[in-house]
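Novice: Got a structure here, written out as structure tokens. Questions coming.
The values are calculated or read from the model by the stated rules, or taken from the named source; none is laboratory data. Please read these numbers as outputs of a predicted model, since none were measured by experiment. Note that we place each Cβ from the backbone using ideal geometry, even for glycine, and neighbour counts take in every protein chain shown. Ligands, DNA and RNA are stripped out before the accessible areas are found, and what is left, the full protein with its side chains, is counted by its heavy atoms. Shrake-Rupley method; radii C 1.70, N 1.55, O 1.52, S 1.80 Å.
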Amino acid sequence: MRGSLHALFCLLLLFPFSPAQEAPAPQVAAPGSTPAEQTTSPAKPRLKIGVALEGGGALGLAHVGVLQWFEDHHIPIDYLAGTSMGGLVGGLYATGKSPQQLRQLVEEQNWDVILGGAIPYEDLSFRRKEDKLAFPNSIVLGLRRGLVLPGGLNAGQQISLLIDRETLAYSGVQSFDDLPIPFRCVATDLVSGKQAVFKDGPLSTAMRATMAIPGLFSPIREGEHVYVDGGLVGNLPTDVVRAMGADIVIGVHLQTSPAEADKIQSLFAILGRSIDVVVAGNEIRGLAGADLVVNVGLQDFNSLDYPKSKEIIEKGSEAAAQKSRLLETYALDDAAWAQYMERRQSHRKSDIAVPQFVRVQGANPEAEKNIERFLQPQAGKPINTHQLEGLLTRLTGIGRYDTAGYQLTQQNGQDGLLVTMHEKLYAPPTLQLGFEVDGSESNDVDFTLATRLTFLDVAGYRSEWRTDFIFGNTYGIESELYRPFSPASKWFFAPHAAASSSAFKIYRKSDPLAEYRFNRSEIGSDIGYGFSRFSEVRFGYEVGTLDARLRLGTPEFSSISGRTGAARFRWLLDRTDDPVIPRRGVSAESNFQWYDTSPGQTDSFPVGDARVAYFQPITKPASLFVVGEGGTTFGSTSGYPQFFLGGSNRLSAYGTNELFGDQFYFFRVGYLHDLLTLPPLAGKKVYAIGAYEFGKMYGFPGASKFPNDVAIGILAETAVGPLVFGGSIGDSGHRKWFFQLGRVF
């Protein structure tokens, strides 16, 4: 259908047979004509040319190439409108950016971050990092208005910051007719179900609304309106350009490959194709409203091919060149082009005022006051967009806000910085879901389901009440109240309590030896200091009970039952770039407990352990990692084993908890290689992983002098958590196949 329509339009343009189909050419004076002749036959005013740019994700980058060809051949654009990516490219071009600047901007972006949805891990607050580590998936539900999913996989923070940065100089422009090129962009109002055409107001809001792809980006809300991508109702807005006053309307159409029945099978494929059908229907109307169509052949690309931006942009230039015979009838001579560009330049704004104050809106009064205090150093000096955007991203990393944007404003004759916080409508409270499937033993797979319920500001600003519920191999509940000493304090106190019952299994190679049931309960409190979003230290004391009894098999250590009491110290550092599969950075953890009371022990004893992990990329798709850990009771007798080795990621070829004792070390050295990228709804990436592991449990009778193994596998970062399949071969006849859904590092 699309191909037939395109062919029909080409015929109409190449063989005009009625005035309705033929676009008049501009009237220019004939070479050699005299001034008298020109006086008697005055040149008619130049026809106004409008261009409509179609949406299409990465395919829309082809518009940059089309615009480049137009400029190179002096084709003026008097009116411009776009949808989705066409709206983004068109809006930036309308502000006076050249096609070369647009090309450079496209190539500089990390589109994986922009489209991935998650706030960069490094920018999360320390407690949100803990959430990501404990629940390594993207399943977060809101409870503010019942059980609700977020409005999109991506709140749109990174694309919003990009738009804010590039349109900052135009913060005070209300009418889009005042831009260097009069501009419109199209969104869909989900409340009315109709097309919404943005012609005034904040330019950044309009461009963000037209980019709000349903399901991928959260919608834009303004009063009673909810805006999403305009492609649903007007993907090629030629009617909008015509209404702006254009005499000649040129539509830039992005041609894709036809659908294939055998590829429309999965749920996501069916939903995606259904949207394509809706969009294709309104594209037909858009094509019918154009006087001339530039068809860009993009059959070899898809809407997520941002890494292929250079090739896609080149396709746009080639498509415009194919219509050169028609387009060049609208070209201006050098003098007229210089005059046209001078007029555009006169409307361009590049000066950015120095803000004398910072004002925050969109949050509750106390939060606004604290955020203004946090951002106050930005006043009185030129805006450093890189620094400012880093601060705003960290504010969204707290977990309360979807996005944070910025623009210039005026108040009492002074220039200022206006920061707009967009609170999550569905949260807090939040409910996170986690799954853990441990297939370390192929004949005995353990399953655990966990949820984390988090309330914010329950005991004052920045306080949190976090409760975990666990079901499966372990049943339990754990709750903690986190409260800073003051709203701006780095010191905090954290009372906590927990109770759990878990099955603890011991294997030798693949043979089950024993299963214990561990019943624990603790209550205590910590005082801590948060150095930054990367590091925290805690001191505290807790009391409780421990009951460890043999349920099946032969006893590997004595059953114990009684009260526990321990002072504890904990230090954490996390400077990695990802909570699930880090590629760069370092993490460290150190714990120390001094037990003054413990079952079966009359004397107090210490227990200490430490873990360090380092990740380093060596090429773009490959990285190395090193993990080292160890623990000791410092020569004291604890009465029961404190440390265990064996199972996934801790001597994988060995049986689960096969080695145990009171002192150990363990190292894991490995290699990660990026294989492919998963669809956005399915997850992130798939890797090949290989590792060499070795360790030692001191005092364990009959153990190998040097336990070690080599493990290889496939690791996928899915929407429900990291999934690994692999095998391992070790010393002393140890070998096994394994799989795991849950933690990897």
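Novice: Determine if segment 575-587 includes at least one residue that is among the aliphatic types (A, V, I, L, M) and more than 27 Å from the chain's Cα centre (by Cα).
Specialist: no
Residues are listed down the side, and each one gets a yes or a no for (1) open to solvent by 30 Å² or more (accessible area, probe 1.4 Å); (2) outside any strand (DSSP E or B):
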| position | (1), (2) |
| --- | --- |
| 630 | no, no |
| 639 | yes, yes |
| 644 | yes, no |
| 655 | no, yes |
| 687 | no, no |
| 690 | no, no |
| 705 | yes, yes |
| 709 | no, no |
| 713 | no, no |
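Novice: Do any residues in segment 452-465 that are within 14 Å of residue 492 (Cα to Cα) have Cβ atoms under 6 Å from those of residues that are part of a strand (DSSP E or B), where the two are at least six apart or on different chains, and which pairs are they?
Specialist: Here the result reads 459/483; 462/484; 463/483; 464/456; 464/482; 465/455; 465/458; 465/481, each pair linking segment 452-465 to a residue that is part of a strand (DSSP E or B).
Novice: Please find, among 119, 77, the residue that is aliphatic (A, V, I, L, M) and touching a Phe, Trp or Tyr at 6+ places or on another chain (Cβ under 8 Å).
Specialist: The conditions single out 77.
Novice: Specify the residue that is nearest to residue 183 (Cα to Cα); the eligible residues are those in segment 339-378 that are surrounded by 17 or more Cβ atoms within 10 Å (Cβ to Cβ) and aliphatic (A, V, I, L, M).
Specialist: Result: 353.
Novice: Looking at (1) within 30 Å of residue 112 (Cα to Cα); (2) touching a His at 6+ places or on another chain (Cβ under 9 Å); (3) in a loop (DSSP other than H, G, I, E, B); (4) not aromatic (Phe, Trp, Tyr), which is the one condition that is false for residue 620?
Specialist: For residue 620, the failing item is (2).
Novice: Sticking with this structure for a sec: For segment 37-90, what are the residues that are over 22 Å from residue 164 (Cβ atoms), modelled with pLDDT under 95 and surrounded by fewer than 23 Cβ atoms within 10 Å (Cβ to Cβ)?
Specialist: 37, 38, 39, 40, 41, 42, 43, 44, 45, 46, 47, listed by residue number.
Novice: Of the residues in segment 563-599, how many are open to solvent by 40 Å² or more (accessible area, probe 1.4 Å) and either under 21 Å from residue 716 (Cβ atoms) or touching a helix residue (DSSP H, G or I) at 6+ places or on another chain (Cβ under 6 Å) (or both)?
Specialist: Within segment 563-599, residues that are open to solvent by 40 Å² or more (accessible area, probe 1.4 Å) and either under 21 Å from residue 716 (Cβ atoms) or touching a helix residue (DSSP H, G or I) at 6+ places or on another chain (Cβ under 6 Å) (or both) number 2.
Novice: Out of 231, 316, 297, I need the residue that is more than 27 Å from the chain's Cα centre (by Cα), open to solvent by less than 20 Å² (accessible area, probe 1.4 Å) and either under 15 Å from residue 63 (Cβ atoms) or modelled with pLDDT under 95 (or both). Which one?
Specialist: Values: 231 fails: more than 27 Å from the chain's Cα centre (by Cα); 297 fails: open to solvent by less than 20 Å² (accessible area, probe 1.4 Å).
Selected residue: 316, the only one of 231, 316, 297 that is more than 27 Å from the chain's Cα centre (by Cα), open to solvent by less than 20 Å² (accessible area, probe 1.4 Å) and either under 15 Å from residue 63 (Cβ atoms) or modelled with pLDDT under 95 (or both).
Novice: Kindly state which strands (runs of 3 or more DSSP E) lie completely within segment 91-209 and contain at least 1 residues that are crowded, with 16+ Cβ neighbours inside 10 Å, of a type outside the set (Lys, Arg) and within 24 Å of the chain's Cα centre (by Cα).
Specialist: 140-142, 152-154, 183-189
Novice: Do you know which residues across segment 445-465 are closer than 30 Å to residue 738 by Cβ and open to solvent by 30 Å² or more (accessible area, probe 1.4 Å)?
Specialist: 445, 446, 447, 449
Novice: Can I ask one more? Of the conditions (1) assigned to a helix (DSSP H, G or I); (2) open to solvent by 50 Å² or more (accessible area, probe 1.4 Å); (3) in contact with a helix residue (DSSP H, G or I) (Cβ under 9 Å, 6 or more places away or on another chain); (4) among the charged types (D, E, K, R), residue 389 clears all except one; give me its number.
Specialist: The single condition residue 389 does not satisfy is (2).
Novice: Ok, one more. Among the residues of segment 435-444, which ones are farther than 18 Å from residue 501 by Cα and open to solvent by 60 Å² or more (accessible area, probe 1.4 Å)?
Specialist: Once the filter is applied, which keeps residues that are farther than 18 Å from residue 501 by Cα and open to solvent by 60 Å² or more (accessible area, probe 1.4 Å), segment 435-444 yields 442, 443.
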